[in-house]
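Please treat every number below as a calculation from the coordinates, not as lab data. Quick caveat: nothing in here was measured; it's all calculated off a predicted structure. Note that each Cβ is placed from the backbone with ideal geometry, even for glycine, and that neighbours are counted across all protein chains shown.
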């Protein structure tokens, strides 16, 4: 199977590394506005790829994406470059929308000419409204990397407090991949045991623990950027896992972003993922507080899409 990756920056390179190590695809084509960079990244990976399941990885242009089952878009400004690293700014990653919308306006029409039937995985921040842009541009099968990584971070922090393997924790973050994301504490479990029952011996109040953990997860990207300039490796591993589930038609259930008619926007909920993208969206039981928070998260994303549409109208008027 063939995959395309558009963008060979920090996140794109991390995605490529994870794709190669996991043996996700038989062929990977790397595109970047700087063709020399794409070639360098592909060449670097080629030399070590013989240690992984066989893969042909090369740089290319849009025409070289023909036949790709999935195209991953990572191009655009990251949080540090775009100034989205202020924990007190409620906009969070949405601050990057206008700039990265401009990048997508250049990419998506070129993609449509070559691979109109591919599954498109949007990784660029903010992924949810950008996925809506890709969908509104004509694509039927569009995914946002969504809250998959946020959910893994949530599980990690819960597991660390419980001193158990994160794989043994079931916990979801839903809604926006951003500051309005919603933590489903009411359904979080360890081997069927509610996490707050399992956490009884922790010398910390329930609300204090909740606030501390949500803060660590919600702003994990900023903490990483403060030390390493870019939050790249986690999202690289997550994106490769998503691609793997699609190419293998696994029907794995993960919290991923896709268009949800009930909310009128792309947001994350646990979803059945396979060859055609999201086959079914599953909405778990939630407390009243969590459901209200999810609706607020959807409102945030609807406002972002409305602003994105306004930008598009102004751009068209200016062009004419």
Counting other beta carbons within 10 Å of each Cβ, put 215, 177 in order, fewest first.
215, 177
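If the viscosity is 1.567 mPa s and the temperature 4 °C, what translational diffusion coefficient in µm²/s does Stokes-Einstein give for segment 1-156 when Rh comes from Kirkwood over Cα pairs?
Details: Rh = 16.0 Å.
Translational D for this selection: 81 µm²/s.
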Ranked by Cβ crowding within 10 angstrom, fewest neighbours first, how are 242, 57 ordered?
57, 242
Working from Cα positions, state the angle (0 to 90°, nearest 10) between the long axis of helix 148-162 and the longest principal axis of the chain.
30
Could you give the C-alpha radius of gyration of the chain expressed as a fraction of 2.2 N^0.38 Å, taking N as the number of residues it contains?
0.98
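Calculated FRET efficiency, residue 63 and residue 98, Cβ-Cβ r, R0 35 Å, to nearest 0.05? It would help to have the intermediate numbers written out before the result.
Working: r = 29 Å, r/R0 = 0.84.
E between residue 63 and residue 98, to the nearest 0.05, is 0.75.
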I'd like the orientation of helix 35-49 relative to the chain: the angle between its Cα long axis and the longest Cα principal axis, in ° from 0 to 90, rounded to 10.
70
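Rounded to the nearest 500 deg cm²/dmol, what is the calculated helix-only ellipticity per residue at 222 nm for the chain, with -39500 (n - 2.57) per DSSP H run of length n ≥ 4?
Value at 222 nm, helices only, nearest 500: -15000 deg cm²/dmol.
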Quick one: check the C-alpha center-to-center distance for segment 203-252 versus segment 128-197, whole angstrom.
8
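For segment 1-107, what does the relative contact order come out to in percent, with C-alpha contacts under 8 Å and a separation of six or more? Write down the numbers at each step before the final one.
On the way: 158 pairs, mean separation 33.0, N = 107.
Relative contact order comes out at 31 percent.
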Computed FRET efficiency, Cβ-Cβ of residue 223 and residue 136, R0 30 Å: what is it to the nearest 0.05?
0.35
Say R0 is 30 Å: what FRET efficiency, to the nearest 0.05, do residue 210 and residue 262 get from their beta-carbon distance?
0.65
Sorted by Cβ neighbour density within 10 Å, fewest at the top, the residues 156, 148
156, 148
For the chain, find the longest principal axis of its Cα atoms and tell me its angle to the long axis of helix 206-218, 0 to 90°, nearest 10.
10
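Relative contact order for the chain: what percent, with Cα pairs under 8 Å and sequence separation of 6 or more? Walk me through the numbers before you get to the answer.
Numbers: 604 pairs, mean separation 58.9, N = 320.
Reported relative contact order: 18 percent.
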